[in-house]
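In what follows, a single structure is set out as structure tokens and then discussed.
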Amino acid sequence: MDPLIENDTHAVHWVLDEAQTTGFVCAFFSDKRIFNKEAFSDTPQLPNTVSSVSSILHSLPPSIYANGHFAISTETRVMEVNMAKFFNDILQHTIGQREDIHPLYKQREWTGDGVNRGLAGCDALRKPDLILCHRPMSERKIDMWIDILSIGEMKSSNQKDKLKESFIELAGKVTFLHQAQDGQYATPCIQLLGKDVVFTIFDRGGSISTQPISIHNSPEHFLCILLSITFAPRITLGFGVTVHKVKNKTRDIEVTLVDGEKTVININELIFISGSLHGSRTAVWSSHLMWSGVEHDIVVKDSFIDPL
């Protein structure tokens, strides 16, 4: 375990109490945020229909949910693979029940295969228990950090030491994700602790977590969290809509100039990064843009550092 992560994360980590957790889940994971037939872009919009997570919960087949309990296999040897299959079974059933899920979001898939082989695209090997991918396995050649939407960390129980250990491991893996994805400023994650789930959001300045939520005692809250993360627009998942990947593996930032003209800034290299400040505009990049037909060398402060 990285001692830097273990010693530093507590100073930038906030935990909601029980009442705050309930309010947060009801507000952040409401029906209108999950199912929105107008939200076929990265711009949040209000829905024109209201659906019910409860109706989906009670329409799940007995192989997934029966007698007030989810059917989750906890066999240790394949725990992550089983959990990913359990997630995907719920998602496929939901897709069959709903017509207002974006076609691209229907392709998203959870996998537990990374726990065995790790992910490509970073300097060190890390093996997240669960990852949410853009596309199904049939369309992926290899899982890479740059392609991940969310991460899940699993432990066998909700003992205090397991909760802390799960968070520290998750924080370390999110660090790699943010290093690989400079266009992602926040990452929603799931901690699975036996029969409990904790929802944690990391940004590049810290993190916030709910209290543990019982999967069986609060099944609708659990379902809201799973569906919201999986079917959310990219902007809700923490991706900046102005940062684009281009073919030569550089980054372009879309900006609006003072005269209203839209243009792009091409990032060249990192000039300075703070070792102590958190938040926006704490990294400095050399860049260039075309303005009125002339290329200008400029400096951009439009990024974050990771305090972990």
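Every number in this text was worked out from the coordinates using simple rules, so none of it is lab data. Please read these numbers as outputs of a predicted model, since none were measured by experiment. Because the Cβ atoms are built from the backbone with ideal geometry, glycine has one as well, and the counts that use them run over all protein chains shown.
Annotations
- Summed over all non-identical Cα pairs, the Kirkwood treatment of the stretch 163-222 gives a radius of 12.2 Å.
- Estimated FRET transfer efficiency (Ala120, Asp89; beta-carbon r; R0 30 Å; 0.05): 0.65
- Every Cα-Cα pair in the stretch 108-243 was counted, and those over 21 Å apart are 38% of them.
- Label-to-label distance for Ile298 and Glu139 is 3.4 nm, based on points extended 7 Å past Cα in the beta-carbon direction.
- Theoretical FRET efficiency, 1/(1+(r/R0)^6), r = Cβ-Cβ of Val15 and Lys127, R0 35 Å, to 0.05: 0.85
- Ranked packing of 227-235, 291-299, most packed first, by mean Cβ within 10 Å: 227-235, 291-299
- Too-long pairs where the Cα-Cα distance tops 22 Å, listed order kept, from Lys85/Lys164; Lys160/Lys195; Lys85/Lys195; Lys262/Lys301: Lys85/Lys164
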